[in-house]
Structure formats: structure tokens, C-alpha cells
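Throughout, read-outs are computed from the coordinates displayed, never taken from laboratory work. On a predicted model such as this, the values are computed, not experimentally measured, just so you know. Cβ: placed from backbone, ideal geometry, glycine included. Neighbour counts: every protein chain shown.
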């Protein structure tokens, strides 16, 4: 399980009434309860771990880590997790806030955060990474194959959508938080007028070749 800026814990849950710590990958090097924790804050850590997914046959964990977009951890020995490598530069302005693994792809979600909380992030969109499914895995095998950028976020009058991919976008839909379709665009994928929308949070669904 991910423990925000304290890395990843491996828990033994064989006895649900007595969950115990089995291993810990902690790149910051100290428990949060220690005096050293006062020198590091959530918004200054390069390892704001959140979502994780596992490649079972390779005993490998992929994890979105905020400033460092994706890390790969070897858990073949659960008591001694080892960092294999990482994707993304902790000094840039691109930050991941979610990911999932599907077949041989890692889909990474990014958001634009104009305020430096937890840290500045200047790009919103989705990256699709492809990895070599043969074990052992390595982050060197990852490459950016498809990306979509949606900006600005937040927006008042219009949103811009750019892509560096072969996704072949068919339609873009805007949906409110109740699931109601607010707008569908099947022609102009570069700029969408949202000036008529009420203030609020909306979901953008991108349809590509029958998928979304």
C-alpha cells in the first residue's frame, strides 16, 4: 500500500485481525513519527506516493509518485522492496496524481495545480506508457507513446486539447458529476467553447476508435 510521502508498505494480511508490517520501501528514510519528519513536508517531498498497481508474474509494483511520475519497485522479496528505476524528473513541473496498468500499458493521470500545493504542476492530461512485458521489467523500457493535454485548468471560456499520439480522437464529451451529458463535440478537437457552462467540476471523456 502507498503511504503518501513515506513510500510503500508491504503488509501481511493473512490474519485480518492482526495486520503486521512485513516490508517498507521508504525513499525518505525515516518514519513519520521520528524527529526527522519535521524537516520534510508533504509539499516538499519528491515521493508523494498515491496509486499503485502490480504485475504479479514479475513481482513488480508500478506507483504514481507525484513529482516523480512513475516508480518501479521490485517486491520479489516482500521484506526488502527495491527501487528498480523511475520515470519523470522530480525537478520539472509535471506531476502524476493517479495511474493504472492495463495489459502492457501504464496510464498516468496528471493535473494542473496553479497553487504550489502540494507542489506546482503546469500540465494536465494523460500519458500512455508502454513497457516490455517480459520479466524482469525496467523503466528504461518505458516510452511516451500517446499523450493528450487539456488546458487551462481551471478554465472560464474555453479549453484547449492537444495530442501527440495516434489515438485518432472521434468525439469529446463533457459530463457533469451527476453523469449527465452536457456537451458533445465531434468535429473541433482543438478548442471547445465552455462559456455557457455553469461554474463547477466536469468530467471530459475522450472517445478514440470506439474506445474512451
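Quick notes on this structure:
- Residue 89 meets each of the listed conditions (1) within 15 Å of the chain's Cα centre (by Cα); (2) touching a residue at least 24 places away in the same chain (Cβ under 8 Å); (3) assigned to a loop (DSSP other than H, G, I, E, B) apart from (2).
- Residue 92 on the phi < 0 side of the Ramachandran plot and in contact with a helix residue (DSSP H, G or I) (Cβ under 9 Å, 6 or more places away or on another chain): no
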